1. Estimate the FRET efficiency between residue 365 and residue 250 by the formula 1/(1 + (r/R0)^6), using the beta-carbon distance for r and 22 Å for R0, to the nearest 0.05.
2. If you place +1 on the Cβ of every Lys and Arg, -1 on the Cβ of every Asp and Glu, and leave all else neutral, what size is the dipole of the chain about its Cα centre, to the nearest 20 Debye?
3. Where a ≥ b ≥ c are the square roots of the eigenvalues of the C-alpha gyration tensor, would you call the stretch 353-491 rounded, which needs a/c under 1.5, or, failing that, prolate if a/b is larger than b/c, or oblate?
4. About its Cα centre, how strong a charge dipole does the stretch 391-475 have in debye, to the nearest 20, once Lys and Arg get +1 and Asp and Glu get -1 at the Cβ?
5. Which order do 189, 166 fall in if you start with the one that has the fewest other Cβ atoms within 10 Å?
6. State the answer as a single residue: which of 359, 392, 451 lies farthest towards the positive end of the charge dipole of the stretch 336-491, with beta carbon charges of +1 for Lys and Arg and -1 for Asp and Glu, about the Cα centre.
7. I need 94, 336 ordered by Cβ neighbour count within 10 Å, fewest first.
8. Considering only 286, 406, 225, whose Cα is most displaced toward the positive end of the charge dipole of the chain, charges sitting on Cβ of Lys, Arg (+1) and Asp, Glu (-1)?
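Quick note: the coordinates plus some simple rules give every number you see, no bench work behind them. Source: prediction; values computed, not measured. Reconstructed Cβ throughout: ideal geometry from the backbone, glycine too, with neighbour counts over all protein chains shown.
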Amino acid sequence: MKIKKRFVGIIFLVILQVILVVPLQAEDYSDYLDNVMDMAREHYYMDISRDELLTGALKGIFDTMDDYTTFYTSEEATSFFDTIEGNYQGIGVEIIQVPEGVMVTRVFTNSPAEGAGVFANDIIVRVDGTDVAGFSSTDVASLIKGEAGTFVELGILRGLDVVTIRVERGTVNISPVTWRVEGDIMYIRLDSFSGNSYRFFENALKEMDNRGIWKMVLDLRNNPGGEVFQAVSIARLLVREGIITTLDFKSEKQNDIQYLSYLKETKYLPAVLVNGNSASASEILASAIQESRDGFLIGTQTYGKGVVQNLYPILTPEAYKKYQLEYGQSIVNGYEWINQYGIDLNDSELIGWSKVTTGHYLTRDGNRIDGKGLVPDFPVEDYELVNGIDVQAINLLVSSGTIELNGAGNDVFSAEKILRAKGFELDNPDSVLDAQTCEFLKQFQQENDIAITGVLDDPTKQALNLELDILRKTVDKQYAKAIELLSLLKY
C-alpha cells in the first residue's frame with residue numbers, strides 16, 4: 001500500500017505540510033553503530049535481529065528529546081493513526097461477555113454490522129465456526145476485527161435459534177462527541193480531537209438549532225488533545241472573527257501558521273468545563289473561547305501543553321540505500337522523497353514513524369501557556385468518583401420494554417452504575433441483571449414507591465434517570481456551576 005494514498009490528509013496537532021529534512025549527517029558513526037549491534041548480537045544470550053536492534057536505537061534517539069517526541073514501529077504507528085483518525089477496521093459493535101458467548105450492546109450507526117442486520121441484544125455464539133462460549137469479550141473482539149474488505153461469519157443466538165450472518169469488515173467511525181439536552185441547555189462532552197470530532201460536534205449543534213437552544217455546557221475535562229485543525233474548525237463555530245491560535249516554529253525554514261475565525265456573530269454561549277487533564281488542542285479551543293469573551297471557563301487549571309508535533313515516516317536501511325544510489329541524496333524522511341521527488345513509497349519501505357515536537361502555539365492574545373495552563377474564570381474543585389463510578393460517564397436509560405432477570409444491555413449497565421453511586425453495595429457493573437442487581441432494584445423501587453418487581457420497567461427507568469440528574473448536580477460541582485450560570489442568562 002502506498003503511504004501517500006493511505007495517509008493523505010493525516011494531521012496531528014499541525015497540518016503535515018512542514019517537511020523535516022534529515023540528511024544522514026551522522027554517517028561517520030555508521031561503522032560504530034554496526035559494530036555495537038554486532039557486539040550485542042554476539043554476546044546476548046538469545047537471538048535478536050539487526051532490525052530489532054535498529055528499532056531500539058531509533059526509539060532511544062527520539063526518546064532523548066521531550067516527553068512528546070517518540071518513535072513508533074509500523075505496527076504502533078497504525079494503531080496511533082487509527083486513534084487520531086477516530087476509526088478502526090472491523091464491523092462496528094460493542095460487546096459484553098455472557099455465558100453463551102458475547103452480547104451486542106451497541107451497533108454503531110452506518111457500520112458494516114448495522115448494514116448486515118446485526119442488532120443490539122444479539123448474542124454471538126460463534127465466530128468463523130469457533131464456539132466462543134467462555135471466551136472473554138477481548139478475545140472475541142480480536143476474532144471479529146480484521147482488515148476492511150474481508151469477511152467474518154457470525155453465529156447469532158436469537159431466541160432459541162442460531163442464525164448465521166456474514167459481515168464484510170469495513171472502516172468504523174467512532175464519535176468522540178456525546179451530548180444530551182437538559183431543558184434549554186445542551187451538554188456536549190468532547191473526549192478528544194480526532195479526525196471525526198468536527199463532524200460529530202457539528203451534528204450536536206444542528207440538534208441545538210433544531211431545538212432552538214443556544215446555551216451549552218462544553219465538557220473538555222480529561223481531553224488530552226489531538227489534531228489542531230479539528231480544534232480550530234470547532235472554534236470557528238463558537239468564536240467571533242479574529243485569531244484562534246498561532247503556530248510558532250523554531251526553524252526559519254518553516255512558516256508560522258496563524259488560524260483565524262471568520263464568524264461575524266456567535267449563535268451559542270459555551271460554559272467550558274476544564275481540569276488538569278485538559279491539554280493541547282483542548283487548551284487551544286478553551287483559550288480561544290476565553291480570550292474572545294464568547295464564553296467562560298469553569299473548573300481547575302489546565303495541563304499546559306503548548307507545543308505541537310509533526311509525524312514523519314522513516315525509511316528502512318534498504319530503502320534508504322536504494323534511493324541514495326538512485327538519486328545521490330542521503331535522506332531518511334519519507335515525506336521529502338514524496339514531496340521533493342514524487343516517489344510513491346510503500347509501507348514496506350518504512351521502518352516506522354517519528355513524532356517530533358517542532359514548535360509551540362500562542363493563544364488568541366499571544367500568550368504562551370506551555371507549563372502554565374489556563375486559569376478558569378470560575379475556579380471550582382474537581383469532582384471525584386463515587387464508589388468507583390464517574391457520574392458524568394453514565395448514560396441515560398433509553399430502551400423500550402422491560403428487562404427481566406438475567407437480561408443484559410446498556411440500560412442494565414447504567415442502572416448498576418447509578419445504584420452503586422447511590423451507595424448500594426453492588427459488585428462491579430457488568431451489564432447483566434443478575435440476582436444481586438435484582439435485589440438492589442427492589443430496594444430502590446421500594447424507596448421510590450414503585451411496584452417492587454426487581455426488573456427494569458419504564459417507571460423504574462424514569463426514576464433512575466431522575467436520580468442520575470440529581471447525582472450529576474450534587475457530585476459534579478463544576479457541572480452544577482455551569483448549569484447555574486447559564487440558567488441566569490436570558491437571550
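1. On the way: r = 22 Å, r/R0 = 0.99.
Computed FRET efficiency for residue 365 and residue 250 comes out at 0.50.
2. Details: 44 positive and 72 negative charges, 347 e Å.
So the magnitude is around 1660 debye.
3. On the way: a/c = 2.96, a/b = 1.98, b/c = 1.50.
It comes out prolate by the Cα gyration axes.
4. On the way: 7 positive and 14 negative charges, 70 e Å.
Charge dipole of the stretch 391-475: 340 debye, to the nearest 20.
5. Details: 189 20, 166 10.
Ordered from fewest to most neighbouring Cβ atoms within 10 Å, 189, 166 come out as 166, 189.
6. 359
7. Working: 94 15, 336 20.
Ascending Cβ contact count within 10 Å gives the list 94, 336.
8. Value: 286.
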